[in-house]
1. Could you work out the relative contact order of the chain, using alpha carbon pairs under 8 angstrom and six or more residues apart, expressed as a whole percent?
2. In whole angstrom, note down how far apart the Cα centers of region 515-583 and region 173-234 are.
3. Taking the radius of gyration and the Kirkwood hydrodynamic radius from Cα positions alone, what is the Rg/Rh ratio for region 511-647, to two decimal places?
4. Whole percent per 5 Å bin, from 0 to the bin with the longest distance: what is P(r) over all C-alpha pairs of region 12-164?
5. Stretch Y630-M605 to full length: gain in nm at 0.36 nm per residue minus the Cα-Cα span?
6. With a 1.4 Å probe and every protein chain left in place, work out the accessible area per residue of the chain in Å², rounded to a whole number.
7. Given only helices, namely DSSP H runs of n ≥ 4 each adding -39500 (n - 2.57), what is the per-residue ellipticity at 222 nm of the chain, to the nearest 500 deg cm²/dmol?
8. Any lysines with Cα under 16 Å of the K368 Cα? List them, leaving off those in the same chain fewer than 8 positions away.
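The values are calculated or read from the model by the stated rules, or taken from the named source; none is laboratory data. Predicted, not measured: the structure shown is a model, and the values here were computed from it. When we count neighbours, we look across all protein chains shown, and the Cβ atoms used for this are built from the backbone with ideal geometry, even at glycine. Ligands, DNA and RNA are excluded from the accessible area calculation, which covers all protein heavy atoms including side chains. Shrake-Rupley method; radii C 1.70, N 1.55, O 1.52, S 1.80 Å.
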Amino acid sequence: MHITDILVTGEPIIYGAMVSMALVGLALLFILTYFKKWKWLWSEWLTTVDHKKIGVMYILSALLMLFRGGVDAMMMRVQLAFPDLGFLNSQHYNEIFTTHGTIMIIFMAMPFLIGLMNIIVPLQIGARDFAFPYLNALSFWSFFFGMALFNISFVIGGSPDAGWTSYTPLSGAAMSPGPGQNFYLMGLQLSGIGTLATGINLMVTILKMRAPSMKLFHMPIFTWSTLVTCFIIVFAFPILTVALALLTIDRVFGAQFFTLTGEGLPMMWANLFWMWGHPEVYIVILPAFGIFSEVIATFAKKRLFGYHVMVWSMIVIALLSFLVWVHHFFTMGAGAFVNSVFSVSTMLIAVPTGVKIFNWLATLYKSKIEFTVPMLWSLAFIPSFILGGVTGVMLGMAAADFQFHNSYFLIAHFHYVLIAGTVFACFAGLVFWYPKMFGHKMNERLGKWAFWLFFFGFHVCFFPQYFLGLDGMPRRLFITNVAEWLPLNVISTIGAFGMGLGFIVFVYNVYYSFRYSERETTGDSWNGNGRTLEWATTTPVPYYNFATVPYVDEIDPYIRMKEEGKTTFEEDKVKPIHMPSYTGQPFIMMALLGLASFGLVFEWMYVAVFGLIGAVFMMIRRSFDYDDGYYVPVEEIKRTEKKARGL
């Protein structure tokens, strides 16, 4: 087979993307070679097992995917605002809305939050790293190669086009031939393995590696949200893994699990997908709640109101998240009784969620609010998310859902929940903890410009879509030349470009802050308002995190440490610190599994078998790897701490 047989051809936009990718790739090769950074790339990043560096790589990947998914969204908006322009044809439009949804959920929202968890959770509980650092590196590279596999589909082989839900029988081999859907299946499968491993790893880390005397109800609320999220991941992701495997067997090996031929059940895919898919919504919302809680408490300068109630609310939300999946297909004929049961369970979720809203408002009540950039994102979240939540309750009523189903009302609700909830939280969390990652803050003035552009763009983009939905405009529609719909679609498109402008200012702020921001000299970066242990470390954080691990017997332990003049460096108590060794095995192992997955996409079995054998060989080699890490000498710890603290 010639290379041109698998390249996507005939689309000027795709040719432009190919040229852009080639130029960026050549530029990277030139920079790494000219500045002699290849060794640095391998020894500092590709082989790292440091949770902080892995977290940074997750966030960089997620920002790249936010750009890719955002470009997809703006292309759709241009098509909908100017349907006679012929900007996209129907097939390209199908591919764009499929990749947009998949990328934003699987390759942007989750890795962004997992990146923040990677960096912050061990610091908040006084741990030196994850419980299994090797597995943490393995998880990242599993996600990375899954992401890369999915994203190359638009230039090699063709993108998937059956929607991010990939409903059968549309996504089966008969109705979606070619490699497009295989990219979806293998990309999600490979990255899903990493997510599941991260869930187990973080759960063990939180349960077993907390600072001395830190009980569960002493943990910061972001760590609690992470723990609850990990339980959802561990119970939900195996369902997706099985569903993807069955559909892969259907497509590649000719089985009939999801087709009526051979007595398969197409509806079984919808059930399995949403048994994972609805908990997935809370996988990307609960950590966001944790981030907002941390930010609001810090800049309200008060302990979080109703801490225990907040924790129990998250636990209840997690349990209910597994009992509502049928509300995604009320109209598919399950019957009045079944619809009623799932309608009630859906609306129940509004109760613990509403409790959290009142807790945030009560925390703000009579407080001296500091309007920093992370606080602006958090305050903007509350009314925006309420609008998304209330319309979610409307969709949860089965009778009403028959009217709203598959309309733009659903699209508006979905984006009000996930952008106001998750994307706002990603920006808030990144700006909030940015000094711990890079040793300097982001510029506040540029940050506020980015916030206001994105915030107004968001509402201008999605609020009109509620009315488009009520006016009967269905989702996934390629042609919108109905006169009544066009004005609102044009307004919505203007809002989308406003959000894009906000993102560009945000990215410029990263560059500007790197060049010009003052470097942090204390670890407590936000005017000394830090409340939890991550602010007790120096900035940038040393690779061993804490010279001496503090004793924790209350919520917000850093407040008392500051009052008593204590630090995480008690010179007379410093002992050698055990740390894991860097290794390139996770990178190589997952690259080989990525190669095997690529082979399965095109059904090239010799490539798949070669990659699989290589990955198994790396697993066997790992089994006989007796590297137990190393100890950081006391002298080095003291030297590092004194330099960082200016002693």
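1. Reported as a whole number, the value is 16 percent.
2. Going from one Cα centre to the other spans 27 Å.
3. We get a ratio of 1.18 for region 511-647.
4. 2, 8, 14, 18, 17, 14, 11, 8, 5, 2, 1, 0
5. On the way: separation 25, 0.36 × 25 = 9.00 nm, distance 4.16 nm.
Additional length available on full extension: 4.8 nm.
6. 41 Å²
7. About -22000 deg cm²/dmol.
8. K301, K302
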